[in-house]
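Working notes, beginning with the structure itself.
The values are calculated or read from the model by the stated rules, or taken from the named source; none is laboratory data. Being a predicted model, the structure only gives us computed values, none of them experimental. Note: ideal-geometry Cβ built from the backbone for every residue, glycine included; neighbour counts use all protein chains shown.
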Amino acid sequence: GENVEQHPSTLSVQEGDSAVIKCTYSDSASNYFPWYKQELGKRPQLIIDIRSNVGEKKDQRIAVTLNKTAKHFSLHITETQPEDSAVYFCAALNNDYKLSFGAGTTVTVRA
Amino acid sequence: DSGVTQTPKHLITATGQRVTLRCSPRSGDLSVYWYQQSLDQGLQFLIQYYNGEERAKGNILERFSAQQFPDLHSELNLSSLELGDSALYFCASSVEMGTEAFFGQGTRLTVV
């Protein structure tokens, strides 16, 4: 089955700096890669997603890149703000429709 | 509000008991996912249904079972509960498999 690894587990950045979270997946047939943000005590919410036929996608300060050959994808947050502090999860959907999540990255933006 | 409704929000029960968690997906969504999130842990995939049929299974314990009904709501049944089953259980729904999944607010289960 699909195995998604996510690094780092924690990330502390200065406000205004960039944050990068990386994920790798094992099933080469995986074709959909969403990223979720979970604030303390709240539900995970989709912030951006990318499909296997696209290499990069950007939405304002957030961008995701996908390298199908290497089976890894990354989340980039630029100009970080205090409200970006949260736990971020990557996920991969394989051909068996199983949406597997990484272990999460706790991002802290220091003012 | 994501449109996915989970009940109850909180549940406290004793070891050995059985509970049922309920999920109503967003209107029009055919796919339902169940996840377990233990304290400070990630989202562990349990099971997925699509239009009433089981489509994918994760590391779901034999003590756990689920189903999706004709009206598309889903129930997760947890039996012979153990202390380690204490967790936040999330349901998520999507229109189709492989599209954006929207999460409910979760059911926090505490086994004492």
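Scan segment B:58-81 and give yes if some residue there is among the aliphatic types (A, V, I, L, M) and under 23 Å from B:ASP1 (Cα atoms), otherwise no.
yes
Condition check: modelled with pLDDT under 95, surrounded by 17 or more Cβ atoms within 10 Å (Cβ to Cβ) and within 22 Å of A:LEU46 (Cβ to Cβ). Does B:GLY28 satisfy that?
Here the answer is no, as B:GLY28 does not meet what is asked.
Could we say that A:LEU11 is of a type in the set (A, V, I, L, M), in contact with a strand residue (DSSP E or B) (Cβ under 8 Å, 6 or more places away or on another chain), part of a strand (DSSP E or B) and touching a residue at least 60 places away in the same chain (Cβ under 8 Å) here?
In short, yes.
Tell me yes or no: at least one residue of segment A:15-36 is without any contact (Cβ under 8 Å) to a residue 12 or more places away in the chain and surrounded by 15 or more Cβ atoms within 10 Å (Cβ to Cβ).
no
Could you list, in sequence order, all residues of segment A:37-49 that are farther than 18 Å from A:ILE77 by Cβ and crowded, with 19+ Cβ neighbours inside 10 Å?
Hit for segment A:37-49 is A:ARG43, nothing else.
Which of (1) modelled with pLDDT under 95; (2) in a loop (DSSP other than H, G, I, E, B) does A:THR80 not meet, given it meets every other one?
Answer for A:THR80: the failing condition is (1).
Limited to segment A:83-97, what total is found for residues that are without any contact (Cβ under 8 Å) to a residue 40 or more places away in the chain and within 11 Å of another protein chain (Cβ to nearest Cβ)?
Counting residues in segment A:83-97 that are without any contact (Cβ under 8 Å) to a residue 40 or more places away in the chain and within 11 Å of another protein chain (Cβ to nearest Cβ) gives 1.
Of the residues that make up segment A:98-108, is at least one under 24 Å from B:ASP40 (Cα atoms), surrounded by fewer than 21 Cβ atoms within 10 Å (Cβ to Cβ) and away from chain B (no Cβ under 14 Å)? Spell out how you get there, then give the answer.
So the first thing to find is which residues in segment A:98-108 are under 24 Å from B:ASP40 (Cα atoms), and the list is A:98-108.
Filter once more, keeping what is surrounded by fewer than 21 Cβ atoms within 10 Å (Cβ to Cβ): A:103, A:106, A:108.
Of the ones still in play, those that are also away from chain B (no Cβ under 14 Å) are A:108.
Yes: one or more hits.
Among strands (runs of 3 or more DSSP E) lying entirely in segment B:11-112, which contain 3 or more residues that are hydroxyl-bearing (Ser, Thr, Tyr)?
B:31-37, B:87-94
Using beta carbons and a limit of 6 Å, which pairs, at least six apart or on different chains, have the first residue in segment A:49-67 and away from chain B (no Cβ under 14 Å) and the second one among the hydroxyl-bearing types (Ser, Thr, Tyr)?
These pairs meet every condition: A:GLU56/A:THR65; A:ARG61/A:THR78; A:THR65/A:SER74.
Restricting attention to segment B:41-87, which residues are surrounded by fewer than 20 Cβ atoms within 10 Å (Cβ to Cβ), within 24 Å of A:TYR88 (Cα to Cα) and either under 11 Å from the mean Cα position of the chain (by Cα) or among the aliphatic types (A, V, I, L, M) (or both)?
Selection gives B:GLN44, B:ILE60.
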